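Just so you know, all these numbers are worked out from the coordinates, no wet-lab data involved. Predicted model only: the values in this text are computed from it and were never measured. As a convention, Cβ positions derive from the backbone with ideal geometry for all residues, glycine included, and neighbour counts pool all protein chains shown.
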Amino acid sequence: MFIPPPRHQVERVRQEPKRRTLTVTAVYDISPRMRRIVFTSPELADFSSPAPDDHIKLFLPDADAPSGEVLRDYTPRRFDPERRLLTIDFARHEAGPATRWAQAAAIGDTLAIGGPKGSTIVPDDFDWYLLVGDETALPSIGRRLEGLRAGVPVTSIVVVESPAEVQSFDTAAGLSPTWVFRSGRTEGDARLLREALARWRTPPGPGYAWIAAEAEVARTLKAHLLEERGHPKAWLKASGYWVRGAAGTSEKMAG
């Protein structure tokens, strides 16, 4: 007798990391602070990125580093296995090797990547989804929205600099987006996102919540959902995609 698998089971899978060298095929800005770069390579033939919030390592040139390069984590925004095209969005929110490289990138340039090493695969069987973050979370949010089933309720709450940074996504899900703007204020993301969350009503049924932002911001929002909203810890993932004042540092705070 067939026994269906239990619902809402988050799966974690591992891959063997592999370094690949890619070539830039397209560069364009999708907003004033977000640059999209498309890469190709025969070495992408066995590339796999099964989860929307996967991370790959970028090996970026840096003359100040002892090895001549530094590593940064980025989300694969889109991958076309047939054409072997990998798209990465670069949020230009601070100066550093990644921003400098993306700003100067041109067709024909090369860049090495590694990974992804592991994936957290969230099933598309929850009654609703909540996606919260800043501009560094947008590649992951975009991927998840584009992959969810038709009609499932999704709330996204994203803080960006200005209305010029608002993005639209091709999704069949029932998306209710909220955008909040920092408008030049540099350290108010936690308050802005917390206030937006306070206006959000938890839908009925089991749901999955996902947060990615500056580490302290993500920690604050995670505590709000767990302690004040009573959201199940197993159905929440919070990640510090960057740490204020510490370039290249990230934290993982999975439920």
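Students often get this wrong: which residues of segment 180-217 have the backbone nitrogen under 13 Å from the point 7 angstrom along Cα-to-C-beta of V166?
What the label zone holds, given the 13 Å backbone N cut-off, is 180-181.
With a 10 Å radius around each residue's Cβ, average the other Cβ atoms per peptide and rank 198-211, 7-20, highest first. Provide the component values of the computation, followed by the final result.
Numbers: 198-211: 15.4, 7-20: 12.1.
Descending packing order for the listed peptides: 198-211, 7-20.
So how compact is segment 167-237: Cα radius of gyration and Dmax in angstrom?
When restricted to the Cα atoms of segment 167-237, Rg and Dmax are 13.2, 38 Å.
Let's test the formula: R0 of 22 Å, r as the Cβ-Cβ distance of D127 and K233. What FRET efficiency results, to the nearest 0.05?
Values: r = 18 Å, r/R0 = 0.80.
E(calc), rounded to 0.05, equals 0.80.
Show me the GluC sites (Glu not before Pro) within segment 90-172 that DSSP assigns to loop and that have at most 12 other Cβ atoms within 10 Å of their Cβ.
Listed in order of number, the matching sites are E94.
Which is farthest toward the positive dipole end of segment 149-255 among T186, A150, A212, measuring Cα position about the Cα centre, with Cβ charges +1 (Lys, Arg) and -1 (Asp, Glu)?
Projecting each Cα onto the dipole axis, the largest value belongs to A150.
For segment 81-124, taking Cα atoms only, what is the radius of gyration to one decimal and the Dmax to the nearest whole Å?
Every Cα atom of segment 81-124 included, Rg and Dmax give 14.1, 38 Å.
Where q = 0.07, 0.09, 0.12, 0.13 Å⁻¹, what log10 of I(q)/I(0) comes from the Debye formula for the chain, counting one point per Cα?
Treating every Cα as an identical point scatterer, log10 I(q)/I(0) equals -0.24, -0.40, -0.72, -0.84.
Identify, among I88, G118, P66, the residue whose Cα sits farthest towards the positive end of the charge dipole of the chain, taking +1 on the Cβ of Lys and Arg and -1 on the Cβ of Asp and Glu, with the dipole about the Cα centre.
G118
With just the Cα atoms of segment 1-85, tell me how far they stretch along each of the three principal axes, in Å, largest first.
So the three principal-axis extents are 61, 31, 29 Å.
Amide H of L85: which non-local residues (sequence gap of 5 or more, or other chain) have their own amide H closer than 5 Å, using H built in the peptide plane?
Answer set, sorted by chain and number: D80.
With springs connecting C-alpha atoms under 10 Å apart, model the chain as a Gaussian network and identify which of A45, A190, A215 has the largest mean-square fluctuation.
Maximum fluctuation in the GNM of the chain, among the listed residues, is at A45.
Quick one: which residues, 5+ away or cross-chain, put their amide H under 5 Å from the amide H of A173? H built at 1.01 Å from N.
Distant-sequence amide H within range of A173: G151.
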